[in-house]
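To start, the structure under review is shown below, and the notes come after it.
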Amino acid sequence: MDGGGVLIAVSREIPSMRMSNWETDCEDLWVNIGYRINGSYSTLSICAVYLPSPPRLEQQRVFVDNLDSVLNHIDNVIVMGDFNLNFVDWEFNDDCNHTIPTNYNNDLGRCLVDCLSMNNLYQFNHIRNSHGRTLDLALSSLQCLNVSQPLDLLSKLDLHHPPNCNIRT
């Protein structure tokens, strides 16, 4: 098998819990992270996902249906991963600080875009690969997400999947 696999690394100093009951037969991993803002405790749910190429509508629907279900129980979520939807163009909109999908007029594209719309999720990754495409998406209910390229790389740069791991809220 080429590619695939997901990882979420969390410092021991940050309260976290794997949510295996939210995971599907797709390659997805869910973790809840606890944090404090202004003295109030909140939870951020993070999902890492890999949907292999070529994309299959059945597999995408399994992931999207599960995401719909999970989102009924949580407020703050970030979903990051390789959706392998190279035909969807994501145009960055400075006014709203997230991307707008174009060229998604097929069942795979509509499945994802409908899910985003129905769940008030936004796609923030505007970093394109060496082919001018955005394969790795950063979806979130948090409208203040900012995705940027990291300054320090841990391994050799993959031009097809440029890293976008610096996320600031």
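The values are calculated or read from the model by the stated rules, or taken from the named source; none is laboratory data. Since this is a predicted model, take the numbers as computed values, not measurements. Here the Cβ is made from the backbone with ideal geometry for all residues, glycine too, and neighbour counts use every protein chain on show.
The set of residues in region 101-117 that are modelled with pLDDT of 95 or more and over 14 Å from LEU57 (Cα atoms) comprises PRO101, LEU116, SER117.
Looking only at residues in region 97-113 that are touching a residue at least 40 places away in the same chain (Cβ under 8 Å) and surrounded by fewer than 16 Cβ atoms within 10 Å (Cβ to Cβ), the one that is farthest from the chain's Cα centre (by Cα) is ASP107. Among the residues of region 16-32, the ones that are at pLDDT below 95 and either surrounded by fewer than 14 Cβ atoms within 10 Å (Cβ to Cβ) or over 17 Å from GLY81 (Cα atoms) (or both) come to 1 in all. One residue alone among PHE63, PHE92 is among the aromatic types (Phe, Trp, Tyr), farther than 26 Å from ASN32 by Cβ and either at pLDDT 95 or above or not in a helix (DSSP H, G or I) (or both), and that residue is PHE92. The residue list ILE74, ILE37, ILE8, ILE14 contains one member that is under 14 Å from the mean Cα position of the chain (by Cα) and either closer than 22 Å to ARG133 by Cβ or among the aliphatic types (A, V, I, L, M) (or both), which is ILE8.
Summed over region 66-89, residues that are part of a loop (DSSP other than H, G, I, E, B), touching a Ser or Thr at 6+ places or on another chain (Cβ under 6 Å) and aliphatic (A, V, I, L, M) total 1.
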